[in-house]
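A.B. asks: For reference, the structure I am asking about is given below.
The values are calculated or read from the model by the stated rules, or taken from the named source; none is laboratory data. Remember, it's a predicted structure, so these values are computed and weren't measured experimentally. Reconstructed Cβ throughout: ideal geometry from the backbone, glycine too, with neighbour counts over all protein chains shown.
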Amino acid sequence: MTGTPRTLLVVANGHGEDAVAARVVGELLRRAPWVTVEALPVVGEGGAVARSGARLAGPRRELPSGGLTFHAWDHLLADLRAGIVSLTARQVAWLVRARPDAVFAVGDFYAQLLAALVRAPRRVLQTLVSVHAAPRPQPGRTRLTGRYFMETFRGPELALMRGADRVYARDAATAAHLAARGVAGASYVGNPMMDGLAAAPLVPPGLRGRPTVGLLPGTRSWAGSSVALMISALERLPGALGLVAWTHGQVPAPPIGWESDLAPVPGVAVAWRRGPNRLWWVVERFAAVLASADVVLGTAGTGNEQAVGLGIPTVAFPVPPHLSSAFIANQARLLGEGLTVGEPDAAALAAHVARLARDGGARARAAAAGSERMGGPGASAALAGELAAWLAALPRR
């Protein structure tokens, strides 16, 4: 496909959203080299989308909460001290002045609100809200909370969506729900979170047969405390192999009882051993960690969803005060029987993992939930094709 040179502005508001946008942008630029993509990452510096070929634009800064400003008072206060108000004001002013040919919002209500400030045709990929995760109504609980726009579609977001050219939902049931609520452009072409996850397992033949647990502490600042609890749980699983998907630079020192071991395969940055147990710290091979895991223990957002999407039984737990019980409860509703919620207690988490590893039907239940709630691969290419056709058909400005 060829077309008149166009500029597409991508507005994404989250680490997971940045990764999703990167996959779509990479596919778009391969299909439509006549498109220039600019990206305003509302959360963080936008490393993933920049590596995909987008040009970073507008004011941006990494804030202490990592995009979870309204999930806990500590996050809100830390972001206020770090200058979120002035940063937001500068982002708003920049967006009002921006003049792309079109804008593509990747994220929730806030990303859409910012994207609507741009005077250009708009499409939306709503990666957060699903009808599968909608909480049951509770009488007497109508107060405005930090999760007001995070668990269901509210009137202001529906109004923004009705003004968009197309709204891509994260699953078919949600697209049907939006269409019934008057969002004429609601559509479902797949979930790009499930792209790029094909990989060979890391575990060599000599270590197969032992329970392998994928440890997903996530990308945010509390990953260190999260993974420490995961390691304590692993100690209670005799003979287990733990694979940490690590994104935070230097690996911490081993806790008491663990000692250094030889890294047996490429991609393992650091290896530890404790009696019959093994722990591998894996960098930049997230898909290989998932391909190797019998069960996942995670405090990740997108990562937990991807694990269930691949049919891996997953155990999640809160990390107070950073990762709230409300967040985990929402993730549990979203992922159905694929996700087990545990308390932040090593013995309890180990018991959940051991039970799922023994349960012959757990993987089948996770696979069924993942297929329904997450879909399969191919959405990034489908979205890129739709965006390219849309941009090619836009009238000259």
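A.B. asks: Scan segment 255-271 residue by residue and report those that are of a type in the set (A, V, I, L, M, F, W, C) and assigned to a loop (DSSP other than H, G, I, E, B).
C.D. replies: Ile256, Trp258, Leu262, Ala263, Val265
A.B. asks: Taking Ala176 and the conditions (1) under 20 Å from the mean Cα position of the chain (by Cα); (2) modelled with pLDDT of 95 or more; (3) farther than 21 Å from Val43 by Cα, which numbered condition does it fall short on, given that it satisfies the others?
C.D. replies: (1)
A.B. asks: Out of (1) out of contact with any Phe, Trp or Tyr (no Cβ under 9 Å at 6 or more places or on another chain); (2) surrounded by 17 or more Cβ atoms within 10 Å (Cβ to Cβ); (3) at positive phi, the odd one out for Ala350 is which?
C.D. replies: (3)
A.B. asks: Condition first: assigned to a strand (DSSP E or B) and free of Cβ contacts under 8 Å to residues at least 24 places away in the same chain. Now tell me which residues in segment 99-123 satisfy that.
C.D. replies: Answer for segment 99-123, where residues must be assigned to a strand (DSSP E or B) and free of Cβ contacts under 8 Å to residues at least 24 places away in the same chain: there is none.
A quick yes/no check of all residues on (1) more than 19 Å from Arg170 (Cβ to Cβ); (2) of a type outside the set (Ser, Thr, Tyr):
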site: Thr7; (1), (2): yes, no
site: Glu17; (1), (2): no, yes
site: Ala22; (1), (2): no, yes
site: Thr36; (1), (2): yes, no
site: Ala50; (1), (2): yes, yes
site: Arg55; (1), (2): yes, yes
site: Arg61; (1), (2): yes, yes
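A.B. asks: Which residues, counting only those in segment 71-98, are free of Cβ contacts under 8 Å to residues at least 24 places away in the same chain and not in a helix (DSSP H, G or I)?
C.D. replies: Ala82, Gly83
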